[in-house]
1. Looking at the stretch 167-280, what helices (runs of 4 or more DSSP H) fall wholly within it and have at least 1 residues that are touching an Asp or Glu at 6+ places or on another chain (Cβ under 7 Å) and under 27 Å from Gly67 (Cα atoms)?
2. Consider Leu29 against the criteria (1) in contact with a Gly (Cβ under 8 Å, 6 or more places away or on another chain); (2) modelled with pLDDT under 85; (3) closer than 14 Å to Phe119 by Cα: it satisfies all of them except one. Which criterion is unmet?
3. Filter the stretch 292-310 for residues that are in a helix (DSSP H, G or I) and surrounded by fewer than 24 Cβ atoms within 10 Å (Cβ to Cβ) and give the result.
4. With Glu113, Glu147 as the choices, which residue is open to solvent by 10 Å² or more (accessible area, probe 1.4 Å), free of Cβ contacts under 8 Å to residues at least 60 places away in the same chain and charged (D, E, K, R)?
5. For the stretch 418-453, enumerate the residues that are of a type in the set (A, V, I, L, M, F, W, C), modelled with pLDDT of 90 or more and more than 20 Å from Asn300 (Cα to Cα).
6. For the stretch 122-131, indicate whether the set of residues that are on the phi > 0 side of the Ramachandran plot and not aromatic (Phe, Trp, Tyr) is non-empty.
7. Has the stretch 121-133 got any residue that is touching a strand residue (DSSP E or B) at 6+ places or on another chain (Cβ under 9 Å), part of a helix (DSSP H, G or I), under 24 Å from Ala344 (Cα atoms) and open to solvent by 10 Å² or more (accessible area, probe 1.4 Å)?
8. Give the residue that is farthest from Gly124 (Cα to Cα), with candidates limited to residues of the stretch 55-99 that are among the polar types (S, T, N, Q) and crowded, with 21+ Cβ neighbours inside 10 Å.
Amino acid sequence: MSVLSDVPLSAEAAVLWLALLAPSLLGLLAWRFPPQRMLSVLLASTPLPLATFWLLHRVAEGGEFEGVWSLGESLLHWRLNGLAGLLLLLTQLLLLASATYAVGHRRALAVAERTFAGFWPLLGGLATALGVIWVAADLLTLYAALELMGLCAVGMMLLPGKQEALVAGMRYLLYALVGSLAWLLGVALLLGVSGRLDLSGLAATTQPGPVTSIAMALLAAGLLLKAAIFPLHGWLAPVHASAWTPVSALHGALVVKASFFILMQLWQRLVPEAVAAAWLFGLLGSMAVLWGGLQAWRANTLKQVVAWSTVGQLGYLMLAFPLLAATSAAVATLAWQATWLQLAAHALAKAAMFMAAGNLVLAAGESRLAGLAGTSRQLPFPLMTFGIAAVTLMGLPPSAGFTAKWLLLQAAILSGQWLWVAVLVAGTLLTVAYVFRVYRCAFVEDATRHELRPLPVGMNFIALLLALGALGLGLGAEWPLALIRAGGMP
């Protein structure tokens, strides 16, 4: 571990903070640019992933970096390891892809420049908030980043301006505020017990007891609500019904994952041996897999299928808790790697699937599955992309979803926790069922032909690149797994 002092600012810290803050500045810049100049702004964002690659190289050479950034009387703690760097790189690539997709999406929808202009600063704020969450190492910074992420996400949901969008956005805001309140109560209890807010200090000073248990329960409840984990998932599907496709792609791929990331970090530091709580999380995840898959199979519109699929896929992440609590080092290592590889694979595939679904709905002018009959002949490109993304969600080789589920399956078998094996099998079968239901509707041969709306070519290619990225991540899984191992368990 390398401990860096930010006065004078180290090279690693300077590059990291540039990578975190630059998206907000570029978002504000894009707000003032006319649409025809937007690609120039996006090209200016391409050095950010290269900077993160350099940071990952430095982590591989010198181990994790951590430091403190002074902001007046407040000390903001940060830590960069392999896992945080991988998530930062994933965030930058997905945000750049979604921003490029959004340029074509605005043209296809014929959205007024003034209406769409607010998307860019909100996108920049979301990028900064997510980046800070991956590297933050104290509860104050995490709270500020969570609130910024929530406000930007709500703002993006409200951009369409329709009544249903306003209702969904306000519902999302209400749930987010309730989650924030539970988070603050938990933080207040921990601060009263230990007098500290930095995660390493909390891990060293916080003792097991009723106060710690209550504080962790409040923190977990707030984060599970923000992450839409069963049974606190009721807000997720409705907010996607009226949201623009690039917003849904970002929300399903990244926003709901941030709260899970924080929960895992806190749990590993404060109550890693809480077996009963870990099994409760595992049971909630199992119910999410089954309920989300069942609702996706029953959904009548394509976007609702993808939204409910998110509920189910998030459940797989929750299976990590019982596999990490009071298990052998071999089991814990497998579960740790599987969890974060599954998160990255799902992020790429879900963004691609939302984009492919959005392209189908926009081109055909029909969102109902029954109304998409015959699109296999007219819209083969987005249907192909949808299928490639579904390969990852189903966990079929050679995708990263297959590698992640295989590692998770090994961990469950080695630990003798056969319930999770059954959940993995059942969840895979449900995913196959709702994916093939979509294709059964699309391949109706005697359907009437649709009057198609032409789409910019880039919208289909960006979705395809993300879907192929999820497959490529599986073929080259050793590199992300090495970064995850370098991140290590807290």
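1. Where helices (runs of 4 or more DSSP H) fall fully within the stretch 167-280 and carry at least 1 residues being touching an Asp or Glu at 6+ places or on another chain (Cβ under 7 Å) and under 27 Å from Gly67 (Cα atoms), they are 199-205.
2. Failed condition: (1).
3. Correct list: Leu294, Gln295, Trp297, Arg298, Lys303, Gln304, Val305.
4. Glu147
5. If the condition is that a residue be of a type in the set (A, V, I, L, M, F, W, C), modelled with pLDDT of 90 or more and more than 20 Å from Asn300 (Cα to Cα), then Trp418, Leu419, Trp420, Val421, Ala422, Val423, Leu424, Val425, Ala426 are the ones that fit.
6. No, because not a single residue in the stretch 122-131 is on the phi > 0 side of the Ramachandran plot and not aromatic (Phe, Trp, Tyr).
7. yes
8. Among them, the one singled out is Asn81.
The values are calculated or read from the model by the stated rules, or taken from the named source; none is laboratory data. As the structure is a prediction and not an experimental result, all values here were calculated from the model. Virtual Cβ from ideal backbone geometry, glycine too; neighbours counted across all protein chains shown. Remember, those area values only see protein heavy atoms, side chains included, never the ligands or the DNA or RNA. Shrake-Rupley method; radii C 1.70, N 1.55, O 1.52, S 1.80 Å.
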